[in-house]
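Single-structure report; data block below.
A short reminder: the numbers here are calculations on the coordinates, not readings from a lab. Values in this document were obtained by computation on a predicted structure and should not be read as measured data. So basically every Cβ, Gly included, is an ideal-geometry build from the backbone, and we count neighbours across all protein chains shown.
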Amino acid sequence: MRGFSANLGLLYTSLPMAERMDAAARDGFRCVEFQFPYELDPRFIHDRLDELELQLLGINTDVDPGPAGHFGLAALPDRVEEARMLIDRAIELAHLAGGNAVHVMAGNTPANQPLARETFRSNLAYAAEAADTLGLTILIEPLNRADMPDYFFARALEAMDIIEELDTANLKLQFDAYHIVKMGDDPVALFPEMAHRVGHVQIAGSPDRTEPQNGAPDLAALFLVLKQCDYQGYIGLEYKPTCDPAETLREVQAIWDETAA
């Protein structure tokens with residue numbers, strides 16, 4: 001494991017997006033990830049992170065919140081052209097900002113719709129090819145049914161099936177322990193069978209998505225299995241803070257350091 005990342009979509013939300021990078025550096029993070037940094041010029045992100053000696057990990061393809069909005073388009077059969085525009089935009093922003101990954105969001109679709117699945121596969125193949133020319137990784141991530149009842153997929157095994165079918169080196173799983181727990185699955189048990197396809201790990205405490213050390217899964221057990229599987233990536237802290245993020249970083253780092261491999 002290379003270190004812990006501050007997810008600037010959920011941390012420091014009282015600050016403007018441009019100031020959250022400074023807050024993460026001040027609190028001791030050495031890398032960050034965004035969700036939707038589209039209000040910022042990617043060159044500004046690159047230069048500011050360079051000044052702060054922070055590494056940018058990934059971003060998401062854009063969404064359009066609200067009653068008539070969307071949570072991604074990549075699995076919507078009637079919006080392929082728009083989905084690929086969002087993919088192209090995200091890849092360009094990530095590249096210019098100095099990031100290394102793009103999470104392609106699938107969107108809300110009717111359950112078990114074969115055409116949606118084939119559309120998602122096709123758009124992921126497109127994204128992976130476009131990203132590969134720039135050395136970027138494409139990530140996919142299931143979202144739990146309690147928080148996102150209509151999202152295309154909810155379980156990590158569903159994502160793994162698609163990744164294995166496409167079998168593209170730069171298409172990886174974003175292994176979010178919070179969503180896995182919310183679906184009633186055990187990330188500690190699942191990780192070993194998925195480790196070879198994991199591109200990024202994220203944590204938060206279930207059931208409320210607060211500090212990761214204050215809920216399920218048991219971080220010591222999860223960190224132990226990450227070490228046993230020789231996970232070489234970062235761990236994103238993607239949670240809703242109820243206290244100082246700097247203290248949370250110290251606590252999860254201590255749990256990592258105390259976990260015997």
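Values computed for the structure shown
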item	result
Radius, Kirkwood style, for the stretch 24-67 when every pair of distinct Cα atoms is counted (Å)	11.6
Debye log10 I(q)/I(0) at q = 0.15, 0.19, 0.21 Å⁻¹ for the stretch 47-137, Cα point scatterers	-0.58, -0.84, -0.96
Point-charge dipole on Cβ atoms (K/R +1, D/E -1) for the stretch 121-173, about Cα centre, debye to 20	120
Calculated from backbone phi, Karplus (6.51, -1.76, 1.60) coupling profile of the stretch 239-253 in Hz, x at Gly/Pro	9, 9, x, 10, 8, 4, x, 5, 5, 4, 4, 4, 5, 5, 5
Residue among Pro37, Ala97, Ile235 farthest towards the positive dipole end of the chain, charges placed on Cβ	Ile235
Helix-only [θ]222 nm of the chain, DSSP H runs n ≥ 4, -39500 (n - 2.57) each, per residue, nearest 500	-12500 deg cm²/dmol
Mean separation of Cα contacts under 8 Å, 6 or more apart, over the residue count of the stretch 18-172: relative contact order %	20
Proximal aspartates and glutamates relative to Lys240, as straight alpha-carbon distance under 17 Å, when same-chain residues fewer than 8 apart are discounted	Asp27, Glu33, Asp147, Asp176, Asp208, Glu211, Glu251
Dipole in debye (nearest 20) - the chain, about Cα centre, beta carbon charges: Lys, Arg +1; Asp, Glu -1	140
Residue (of Gly69, Gly3, Ala130) at the positive-pole extreme of the stretch 3-258, dipole from beta-carbon charges	Gly69
Candidates Arg250, Arg197, Arg20, ranked by Gaussian network fluctuation over the chain, Cα under 10 Å, top entry	Arg250
Residue exposure sequence - Ser122, Ser206, Ser5, Ser14 - by fewest surrounding Cβ within 10 Å	Ser14, Ser122, Ser206, Ser5
J(HN,Hα) series, the stretch 132-139, from Karplus relation 6.51 cos²θ - 1.76 cosθ + 1.60, nearest Hz, glycine and proline x	4, 5, 10, x, 9, 9, 9, 10
Table column - 3J(HN,Hα) (Hz), the stretch 99-110, Karplus curve with 6.51, -1.76, 1.60, x for Gly and Pro	x, 10, 8, 10, 8, 8, 7, 7, x, 8, 9, x
The stretch 3-258 - share of DSSP beta bridges that are antiparallel (%, nearest 5)	15
